[in-house]
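Before any comments, here is the structure.
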């Protein structure tokens, strides 16, 4: 199997490296041959933290943890929300069980906590989450909640989410989604037939505001262009009333296929809503395909937008970029869902993408997305984790031939052109996202091997509202409080 292009005198060592296709890795996974270490991945982290993360997403829903407060403190430390205001910071509500409570029970504490949560926050729904301590001692949370339910205004749901169950992070998230969807089903009705087609958009698990807001606005704009309304958006900060609006949508779309697969299937069971199996619409081709799949799911005749003036304008931009970068290799650093979509965009630009430092566990976690991509003809080459020295071997190549490295931040300090794409801070979806991506690639080629403080000091740029960055260093005089 040919592993690299033969366009340099210094490729002998490169050719000896092991590069595999995704289809091969999936086959090895099915045979149980991949050395997967599950305890190193967040998806196998505590089910309580996965549950708590989703429970914190909604305004008007108060997650009350019955157990020691340490689990919440661990959550805040390990799952931050970049770029969000205090309004969207998770509210730390806990019965704060002590050693004495673990021995004798904490029914009284829980009852008092429910009453206090209701009287101070006035939520529509109190979501009681148990962690390991409450689950192990067998605290009868259901009976306690039922006892105080007649004296509070909020509805109360109890969910057992202790990590001692052996369930993982994503399973905990799915448990909360299921409970919330059941609650929604008991409070709302299905839409009347004949109404305008609309969809519910589920964003990625962690929010990156304001980039996510811009992306949702862009995708809603494109849906409207295709004759489809956005019914509701489920993300961090969603209001309780928008949660109840889910059944009125005609179909569901989850931007992150890994994140949304199980919740979307359950919604289909409850409300008979089609689920569009796709991933992030990055690039022109993927965006048009994304829109076409949604049109098909809601029973619309697919509207061909190729003659649309805006689409034509972006097609010309893609064609111009293809002339510059066709045949060039693209390394996608530690790819997740967005990285896989980025590799698909690289193909659209005529590049040869390779998924770089992909973990064995990612093959398992992303297998449904990988199968979706392979079905669409994207059987990407892959270099598995632990091969960082591999990149240095390209530095002897002609600068115009070096691969372009796509990374979430500028970890790489070598001379390869590096396009840094921050999945939280940058709006990269839809048609408008193409502008940012093409500019990032052009800038990567222009600044390869130079000190690019505009990338390195990303936090300072955002925090202090810097106006301009030079390649040789920040313009300090323009950094203001």
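Since every read-out is calculated from the coordinates, none of them should be taken as a lab result. Being a predicted model, the structure only gives us computed values, none of them experimental. All Cβ positions, even for glycine, are placed from backbone atoms using ideal geometry, and neighbour counts span all protein chains on display.
Things worth noting here:
- Most to least packed among 316-328, 217-229, 281-293 [average Cβ atoms within 10 Å]: 281-293, 217-229, 316-328
- In terms of its C-alpha gyration tensor, the range 43-187 has a rounded overall shape, because the principal axis ratio a/c (a ≥ b ≥ c, square roots of the eigenvalues) stays below 1.5.
- Cα gyration tensor shape of the range 198-297, rounded if a/c is under 1.5, else prolate or oblate by comparing a/b with b/c: rounded
- For the range 131-189: rounded, prolate or oblate by the Cα gyration tensor [a/c cutoff 1.5]: oblate
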